[in-house]
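Readers should treat all values here as calculations from the given coordinates under stated rules, not as data from a laboratory. Remember, predicted model here, so these are calculated numbers, not experimental data. In this analysis, Cβ positions are derived from the backbone assuming ideal geometry, glycine residues included, and neighbour counts consider all displayed protein chains.
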Amino acid sequence: MASPGLSDPRPSVRSVPFDPVPPPFPPTPVGEGPPLVPPATWRQVALPGSGYSDRPRFHQATIDDLGTPLAEVTFVVVDLETTGGSPKDSAITEIGAVKVRGGQVLGEFQTLVDPGMEIPPYISVLTGITSMMVAAAPRIDAVLPAFLEFARGTVLVAHNAPFDLGFLRAACETTGVPWPAFASVDTAVLARRLLTRDEVPNCKLGTLAPYFSTSTQPCHRALDDARATVDVLHGLFERLGPLGITSLEELTGLTRQVDPQRRRKRHLAEHVPSGPGVYVFRGPRDEALYVGTSNDLRSRVRSYFTAGEQRSRMTEMITIAERIEALPCAHDLEAAVRELRLIAEHKPRYNRRSRFPERALWVRLTDEVFPRLSVVRRVRPGAGVFLGPFPDRRAADAAVAAVHESLPLRQCTSRLSLTVLGTACALAGMGRCGAPCTGAQSREEYASVAAVFAAAVDSDPEALIAPLLARVERLSGEGRYEDAAVLRDRAAVLVRAVRRRQRLESLATVPELVLARPDGAGGWQLSVVRRGRLVAAGVAERGRSVRAHLADLLTTAETPAGPEDELAASVDETELVLRWMEKPGTRLVDVTGTLACRSPGTGRYSAFLARVEAGRAERDPFGDHRPLSTRSQPDRVVPGQPVHDSGRRGAGRVAGRRGRMASGLASPT
Ligand code: SF4
């Protein structure tokens, strides 16, 4: 029994009920005398949301386990009190540890340890731990297995990790217990990488604790210091977002040194203001090298000069950069739109995304007597029905193949005439084309087939998609899983393209739209959108009339050029506006014209798309490389000769005037 005023010398372990690890100290039956090892104290720590987790019991983090999300890593934050500074001549007097995952505390471990030597008076003054307090505590050889069991399969975290882990490793060596290959994180090193001198003068735990407003103040007692370190760790994690660091492996990469050339350029970030905006790194000829955006310009730009920035392209870019231009914006939507426009205009060589919006592809149902599908780069109003945009040729070809699987549209590329008839190709014999080229299908009959595609793009894609999904089911039932997967993916590409087209259309026809979002400080962020283009942005600060501010915004808003019913912005910009509009909390302040979704649209396929996404995540990415864009030239049907599937065999030249054809799924319906 501990004396009044002193800590209980017995180890205290508190854990969650679903963890099936046996207690390191089995409870001792009452009245059977003192235990050989001290009993553990278990306390349930409630996990919000569920009482059971189907996650693996332990997640052993190793370098091979690339991309482990930080939220899924279990950390044990540990702190030791000792009799001195070196494990060679000092020993552990107290161990405190907190197990956390995803921001939730899963359990705590605390015990005093008999060091087997006198505690120096100055250490007792510092920690409050005296020789008398630890006299009845267990020795390290009894405590160590319990701690290792508590920490098994986790990542150890400590402030100045070499000190704490050095003592633990030395204790293992002394007691003959093998030291598990723990991954570790040092919060002191992390703080040096992520914080600047003007934020904290040094990275001691006692300095970081008030900076991050930790719930427990460090006081040189192991458990309290470990609890404070947990809050510091979480505070540092919040700094990782702007760096794009979300995994354990990226986190451990932070411990590397800052490239000296990059460090020398840190002065470039000095004038950059805080708040949302766009930054442009400019080179020797004032050319734009890289354009980026952030909700906090200052913090983001500074991060390029820390060890957190590990991309070699960025290191090269910073070496060349001569200055940084900062363009403060009213809110994140304006910043994102400005970024897109700047990238499209300057095509900075270190940006990879959005440099060539003009390269997007569309699938067009041509405007001719017997329309056909063709992949084009530009939408020309009145020149047919357009589906898309598609990011690349592969996606566009997948959509074309899916449509041809579903509809017997002609696949030859030449212009057909009502009066000059020709001969049919193999597709007619396979039942995949009505052969209007031979007069076997009238213009009206063919138009009813083409109308299904137009109706799918405009409003209801069911007649196009349902046959595809039925065929996927049939192929799966026959055990042709690969064919079913290919067709399923093509159908998904088609549904996504229809959805994208319909969403864009919904804004293209709205002359003016005013949106507002809370700015988090009692004010409102305002956006004025005309035909999908952001034409004005501002913030009505707390206490200021939104309507009055809006009137000012509207007087300076841009009037977009172009026809009334066409998008006035790039597809990417309109999609940014749509995402901002659909965020929870966004209010529709004013609308001119009609803002409406297509009905019935693609809503019924949301579950299908979700299943495809889930399936793709689980699939071997290297498992299916069958090209979707194969082009073949089917044989003509020659009277008296059998028809064969030329698309599968890659048959030779087309006889006559028909052009090249796009093949569908290899196996015929
Ligand atoms: S050539 Fe083939 S694809 Fe073209 S219309 Fe005739 S049958 Fe159809």
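Quick notes on this one:
- Cβ-derived FRET efficiency at R0 41 Å, Glu613 paired with Val589, nearest 0.05: 0.75
- Total charge dipole magnitude, the range 257-355, about the Cα centre, Cβ charges on Lys, Arg, Asp, Glu only, Debye to nearest 20: 340 debye
- Of the trypsin sites (Lys or Arg not before Pro) found in the range 261-342, those in coil by DSSP whose Cβ has at most 15 other Cβ atoms within 10 Å are Arg285, Arg311.
- Sequence-distant residues sharing a close amide H with Tyr290 (under 5 Å, placed H): Phe281
- Gln104-Val420 pseudo-label distance in nm [points 7 Å out on the Cα-to-Cβ vector]: 7.3 nm
- Sorting 487-496, 383-392 by average packing, meaning the other beta carbons within 10 Å per residue, from highest down gives 487-496, 383-392.
- Ratio Rg/Rh, restricted to the range 257-355 and using Cα atoms, in which Rh is the Kirkwood radius: 0.94
- Positive-end residue, the range 94-186 charge dipole about Cα centroid, Cβ charges, pick of Val100, Pro162, Gly116: Val100
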